[in-house]
Amino acid sequence: MIQRTKTLSWFVSISRYGLAVLFLVTALAKLAIVNTFVKNMGELLSASGFNYERWSWPATIVVIVAEIVTSLFLIVPRTVRLGAFCAAVLLIGFAGYALYYVYGLHGEPLECGCFGGIIASQLGVKTALRNLALLVPALIVWFGYRRTRMVSRGFASKVRLARGSGQYRER
């Protein structure tokens, strides 16, 4: 049982910090090529029927800030599960839009700038599948973090209760 808990804790930590780094690096990469990303965002908004001149910058800012905030949530211990939830929402949203763009709008391949200038990727089915695959670490963090935290809290609570009730005596 202890080995199982250690293994789960290890997977949760790898997934947690891996997602945090992923979102932080992609946000910073988008900031490095912000004008190009705004142009890409404008093309996506235009294809969706939005006024790209008005909404390109606000949408860009929302995406970048959401990725940074999600990364910070995943790093801070008290907000890890919230970070996992935000990561899942972002990944599902990105995947959903990629599928909508390809199948709903019948859009032509377009450079999305998902990873800034680090990885060249076109918006489409591959992007959607990659984002859906990244849901696995988000779910590992969501379901696993609480369990690993409960185990450590459970032991600490028992020690505190035993000390406070007089049952605990040092010999």
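The values are calculated or read from the model by the stated rules, or taken from the named source; none is laboratory data. Quantities reported herein were computed from a predicted structural model and do not represent experimental measurements. For neighbour counting, all protein chains shown are included, and Cβ atoms are generated from backbone atoms with ideal geometry for every residue, glycine included.
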Which numbered condition SER56 misses (of (1) crowded, with 17+ Cβ neighbours inside 10 Å; (2) closer than 21 Å to ASN131 by Cβ): (2)
Looking only at segment 49-76, which residues are over 15 Å from the mean Cα position of the chain (by Cα) and farther than 21 Å from ALA29 by Cα? GLY49, PHE50, ASN51, TYR52, GLU53, ARG54
ALA47 passes all but one of (1) farther than 15 Å from PHE143 by Cα; (2) exposed (fewer than 15 other Cβ atoms within 10 Å of the Cβ); which number fails? (2)
Answer residue from segment 36-70, given it is among the small types (Gly, Ala, Ser) and in contact (Cβ under 8 Å) with a residue 24 or more places away in the chain and is farthest from ALA84 (Cα to Cα) among those: ALA47
For segment 104-142, enumerate the residues that are at pLDDT 75 or above, part of a loop (DSSP other than H, G, I, E, B), out of contact with any Phe, Trp or Tyr (no Cβ under 8 Å at 6 or more places or on another chain) and under 18 Å from LEU91 (Cα atoms). LEU134
